[in-house]
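A short write-up of the structure that comes next.
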There are 2 protein chains.
Amino acid sequence: MNTRDKITRLADQLIRKQGYNAFSYKDLSEPMQVRNAAIHYHFPAKADVGIAVIDKAIREFDEYKQQWSDLPENEQLEQFAQMYMRNCKQGLICLMGSLAPDYLTLPEAMQMKVRAMGQDLLDWLTYCLEQGRKKGLFSFSGEAYDRALLVASTLLSALLLNRVLGEDTFQRMYDQLLSDLLKK
Amino acid sequence: MNTRDKITRLADQLIRKQGYNAFSYKDLSEPMQVRNAAIHYHFPAKADVGIAVIDKAIREFDEYKQQWSDLPENEQLEQFAQMYMRNCKQGLICLMGSLAPDYLTLPEAMQMKVRAMGQDLLDWLTYCLEQGRKKGLFSFSGEAYDRALLVASTLLSALLLNRVLGEDTFQRMYDQLLSDLLKK
DNA sequence: GTCTATATGTTGATAGAC
DNA sequence: GTCTATCAACATATAGAC
């Protein structure tokens, strides 16, 4: 992995552990054992780091979607939820859960990226739920988009609340979420 | 209102607009037209501000609970949700939605307060849902505590996502949440 | 309670040598 | 690509006068 990618990877973890406003160039340069100027060479401004992290997340989600594309929708949803569970086990929240609270403090270019990432995720989830419902794999009322909002929001905040309310919180919410959608 | 309360009130809005790590003593002292040392007189350390804000939120929620205590549980829940809707209209997220992402960067005394606030809220919501279900006012499966987690998480993230995904987001999630719980 | 003044550290960022 | 060196701005926080 090249230096740029290593920085992006580290920044991603820092953002999802501490938040965008709580990490600094020092937090990147120290573990990589270079000076902060070296980080600035790859990413002139902090927002450039943030944008690279979001772009990487969008690309990686794209790869996942492709890998799941032949599965039935209920299994696709389960794969999606397990992506969050893996984050949970690492003590990390999701990018949206980290960046949405700080949204108003972010430079406009980052705001646009965050929004694009969210729309991308919601588009996929909406389609997955709609198709799954048509096939009888899911049972839910209302518009698929509204249901997608609730599903995404549950996983997002399950990661947040797991930190605060105890380590069984994610699993409880995960189980209840899937049981709601799959039950007749 | 005394100076201490004015500071607490302003800090509350800043935390729920920008996040705990993104506001400074200057953001408090400038609008109040005093020097930053005056803020330090009332709150020696930044964590003291944070703790005062959380304590105020706990007290205010206590008052609300009392005011609602004679209503049927479905109306209590509606009042609870409308509390979030009022925040939404002011462009503010809830304290938990702001502080949970930053949880690992907070001093221990603040972490304990955040946790206490969350448990307090969940306790009330769990009891409200359980009682409402017994009376046939709500319809849901699973443990009341798990359902309370989902309800709280939906309102929390509805405020977050409303900023990012567009201003109809909160209303959509609000409607779907209540319709899910009230339907037979 | 608020002020001036100051201490001390950190931040994001840049210039120029190697 | 990384370094040294440096910057201005801002952060949290304290001492002591009024």
Of the conditions (1) within 18 Å of A:G142 (Cβ to Cβ); (2) outside any loop (DSSP other than H, G, I, E, B), the single one that B:L160 does not satisfy is (1)
Among residues of segment B:125-155 being touching a residue at least 60 places away in the same chain (Cβ under 8 Å) and part of a helix (DSSP H, G or I), the residue farthest from the chain's Cα centre (by Cα) is B:G132
Out of A:D55, A:D102, A:D48, sole residue that is of a type in the set (D, E), more than 26 Å from A:L181 (Cα to Cα), within 14 Å of chain B (Cβ to nearest Cβ) and surrounded by 13 or more Cβ atoms within 10 Å (Cβ to Cβ): A:D102
Could you list, in sequence order, all residues of segment A:148-176 that are facing chain B (nearest Cβ under 7 Å) and within 17 Å of A:L121 (Cβ to Cβ)? A:L149, A:L150, A:S153, A:T154, A:L156, A:S157, A:A158, A:L160
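So, B:V114, is that one surrounded by 22 or more Cβ atoms within 10 Å (Cβ to Cβ), more than 10 Å from every other protein chain (Cβ to nearest Cβ), closer than 20 Å to B:G97 by Cα and at pLDDT 95 or above or not?
Working: surrounded by 22 or more Cβ atoms within 10 Å (Cβ to Cβ): yes; more than 10 Å from every other protein chain (Cβ to nearest Cβ): no; closer than 20 Å to B:G97 by Cα: yes; at pLDDT 95 or above: yes.
Taking the combined requirement at face value, the residue does not satisfy it.
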Checking the condition part of a helix (DSSP H, G or I), more than 10 Å from DNA strand C (Cβ to nearest atom), more than 14 Å from chain A (Cβ to nearest Cβ) and surrounded by 13 or more Cβ atoms within 10 Å (Cβ to Cβ), which residue from B:D27, B:D12, B:D62 passes? B:D12
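Take the residues of segment B:30-59 that are of a type outside the set (A, V, I, L, M, F, W, C) and outside any helix (DSSP H, G or I): which is farthest from DNA strand C (Cβ to nearest atom)? Break it down into steps so the answer makes sense when it comes.
If we filter segment B:30-59 for residues that are of a type outside the set (A, V, I, L, M, F, W, C), which is where we start, we get B:30-31, B:33, B:35-36, B:40-42, B:44, B:46, B:48, B:50, B:55-56, B:59.
Then drop every residue that is not outside any helix (DSSP H, G or I), which leaves B:33, B:35, B:44.
Numbers: B:Q33: 7, B:R35: 4, B:P44: 11 Å.
By that ranking, first place goes to B:P44.
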Taking first residues from segment A:31-48 that are closer than 20 Å to A:P107 by Cβ and free of Cβ contacts under 8 Å to residues at least 24 places away in the same chain and second residues anywhere that are outside any loop (DSSP other than H, G, I, E, B) and within 11 Å of DNA strand C (Cβ to nearest atom), the pairs with Cβ under 6 Å that are 6 or more apart or on different chains are A:N36/A:Y25; A:N36/A:S29
Total residues in segment B:157-184, condition of a type in the set (A, V, I, L, M) and touching a Phe, Trp or Tyr at 6+ places or on another chain (Cβ under 9 Å): 7
Going by what's in this entry, would B:F140 be described as away from chain A (no Cβ under 14 Å), buried (at least 16 other Cβ atoms within 10 Å of the Cβ) and on the phi < 0 side of the Ramachandran plot? no
Whether any residue in segment A:67-78 is within 14 Å of chain B (Cβ to nearest Cβ) and farther than 25 Å from B:L99 by Cβ is what I want to check. no
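The values are calculated or read from the model by the stated rules, or taken from the named source; none is laboratory data. Values in this document were obtained by computation on a predicted structure and should not be read as measured data. Here Cβ is always computed from backbone atoms with ideal geometry, including for glycine, and neighbour counts include all displayed protein chains.
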